[in-house]
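Okay, structure first, notes after.
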Amino acid sequence: GNSVTQMEGPVTLSEEAFLTINCTYTATGYPSLFWYVQYPGEGLQLLLKATKADDKGSNKGFEATYRKETTSFHLEKGSVQVSDSAVYFCALSDRSGYKLTFGKGTLLTVNP
Amino acid sequence: DTAVSQTPKYLVTQMGNDKSIKCEQNLGHDTMYWYKQDSKKFLKIMFSYNNKELIINETVPNRFSPKSPDKAHLNLHINSLELGDSAVYFCASSQDIQSNEQYFGPGTRLTVT
């Protein structure tokens, strides 16, 4: 079956530091890949997505590139802010499109 | 104005009780979902409805029964609540069965004592 593995947290950074959160996946075929973000006390929000190999998703300074050869979709941001503190979830959807499989989430805390 | 709303936001109840959580979306979407998030933040799909028809029913105890009275609503009824049911339950919706962009509600934190 499909699965998503992302780096264990928590991750604690200082403001303006570089962020990488690793995500790898196992799936048949060509899944679509996503990063969702959950701010404290809120539901999940779609941060970015990529639907095919070598696509780069980007939003709010975050980027992730769909790497089929390494089955990875690592999240990066060049300079984090305190407001980026949240839980980040990597996810994939299979060919059906509507069923999402999530990773376990990575808690990011950014200190001033 | 909230796209996907859930009520209640918090629910504290005793073991053995029956409770319901309601979800409404005003996005005009055809497909709705229920997810369970455990204490370690792990998120797992429970059910999905498309145009009021059940399309995903994961391995969930039959004490959990979803009901979709119309496309804009998906409610979750839980019978004989157990301690292990304590979690945050999220409702979500997507445009249709082909769409993989899901919009989440704010969650309902259920605590069973």
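Could you check how many residues of the range B:1-16 are among the polar types (S, T, N, Q), more than 11 Å from chain A (Cβ to nearest Cβ) and surrounded by 13 or more Cβ atoms within 10 Å (Cβ to Cβ)?
Going through the range B:1-16 one residue at a time, the tally reaches 2.
Any chance you could count how many residues in the range B:67-77 are buried (at least 20 other Cβ atoms within 10 Å of the Cβ) and either out of contact with any Phe, Trp or Tyr (no Cβ under 6 Å at 6 or more places or on another chain) or farther than 15 Å from B:Y10 by Cα (or both)?
We begin by selecting, within the range B:67-77, every residue buried (at least 20 other Cβ atoms within 10 Å of the Cβ); these are B:74, B:76.
Now narrow it down to the ones that are either out of contact with any Phe, Trp or Tyr (no Cβ under 6 Å at 6 or more places or on another chain) or farther than 15 Å from B:Y10 by Cα (or both): B:74.
Summing the residues that are buried (at least 20 other Cβ atoms within 10 Å of the Cβ) and either out of contact with any Phe, Trp or Tyr (no Cβ under 6 Å at 6 or more places or on another chain) or farther than 15 Å from B:Y10 by Cα (or both) in the range B:67-77 gives 1.
Can you confirm whether A:V110 is in contact (Cβ under 8 Å) with a residue 12 or more places away in the chain and within 9 Å of chain B (Cβ to nearest Cβ)?
no
Just to check your reading of the model, which residue among A:G103, A:G41 is under 30 Å from B:Y10 (Cβ atoms), buried (at least 16 other Cβ atoms within 10 Å of the Cβ) and within 10 Å of chain B (Cβ to nearest Cβ)?
Going through A:G103, A:G41 in turn, just one is under 30 Å from B:Y10 (Cβ atoms), buried (at least 16 other Cβ atoms within 10 Å of the Cβ) and within 10 Å of chain B (Cβ to nearest Cβ): A:G103.
Does A:L33 satisfy the condition of being within 24 Å of B:K9 (Cα to Cα), crowded, with 20+ Cβ neighbours inside 10 Å, of a type in the set (A, V, I, L, M) and within 15 Å of the chain's Cα centre (by Cα)?
Here the answer is no, as A:L33 does not meet what is asked.
Scan the range A:71-100 residue by residue and report those that are charged (D, E, K, R), more than 14 Å from every other protein chain (Cβ to nearest Cβ) and either surrounded by 16 or more Cβ atoms within 10 Å (Cβ to Cβ) or more than 20 Å from A:E15 (Cα to Cα) (or both). Before you say what the answer is, go through the steps one by one.
Narrowing the range A:71-100 to residues charged (D, E, K, R): A:76-77, A:84, A:94-95, A:99.
Right, trim to more than 14 Å from every other protein chain (Cβ to nearest Cβ) and you get A:76-77, A:84.
Passing the criteria: A:K77, A:D84.
I'd like to verify a number: residues in the range A:12-26 that are more than 12 Å from A:V80 (Cα to Cα) and buried (at least 17 other Cβ atoms within 10 Å of the Cβ), how many? So that I can check it myself, show each step before the final result.
Our first condition is that a residue be more than 12 Å from A:V80 (Cα to Cα); within the range A:12-26, this holds for A:21-26.
This time we only want the ones that are buried (at least 17 other Cβ atoms within 10 Å of the Cβ), so: A:21, A:23-25.
The number of residues fulfilling the criteria is 4.
Report yes if B:S65 is more than 25 Å from A:C90 (Cα to Cα), more than 9 Å from every other protein chain (Cβ to nearest Cβ), touching a strand residue (DSSP E or B) at 6+ places or on another chain (Cβ under 9 Å) and not basic (K, R), otherwise no.
Yes; evaluated as a whole, the condition is true for this residue.
Of the conditions (1) outside any strand (DSSP E or B); (2) of a type outside the set (D, E, K, R); (3) within 27 Å of A:V87 (Cα to Cα), B:F47 fails just one. Which one is it?
Only one criterion in (1) outside any strand (DSSP E or B); (2) of a type outside the set (D, E, K, R); (3) within 27 Å of A:V87 (Cα to Cα) is unmet by B:F47, namely (1).
Identify the single condition in (1) within 17 Å of A:G1 (Cα to Cα); (2) touching a Ser or Thr at 6+ places or on another chain (Cβ under 6 Å); (3) of a type in the set (K, R) that A:K56 does not satisfy, given that it satisfies every other one.
Here A:K56 meets the rest and fails (1).
Go through B:S48, B:S86, B:S39 for me and flag whichever is of a type in the set (G, A, S), surrounded by 14 or more Cβ atoms within 10 Å (Cβ to Cβ) and modelled with pLDDT under 95.
It is B:S48.
Within the range A:47-70, which residues are surrounded by fewer than 18 Cβ atoms within 10 Å (Cβ to Cβ), within 14 Å of chain B (Cβ to nearest Cβ) and either closer than 18 Å to A:V87 by Cβ or β-branched (V, I, T) (or both)?
A:T51, A:N59
All but one of (1) in contact with a His (Cβ under 9 Å, 6 or more places away or on another chain); (2) touching a residue at least 40 places away in the same chain (Cβ under 8 Å) hold for A:D94; which doesn't?
The single condition A:D94 does not satisfy is (1).
Which of (1) in contact with a helix residue (DSSP H, G or I) (Cβ under 9 Å, 6 or more places away or on another chain); (2) within 11 Å of chain A (Cβ to nearest Cβ) is the odd one out, the single condition B:Y35 does not satisfy?
Failing condition for B:Y35: (1).
The values are calculated or read from the model by the stated rules, or taken from the named source; none is laboratory data. This structure is a prediction, so every number in the text was calculated from the model and none was measured. Here Cβ is always computed from backbone atoms with ideal geometry, including for glycine, and neighbour counts include all displayed protein chains.
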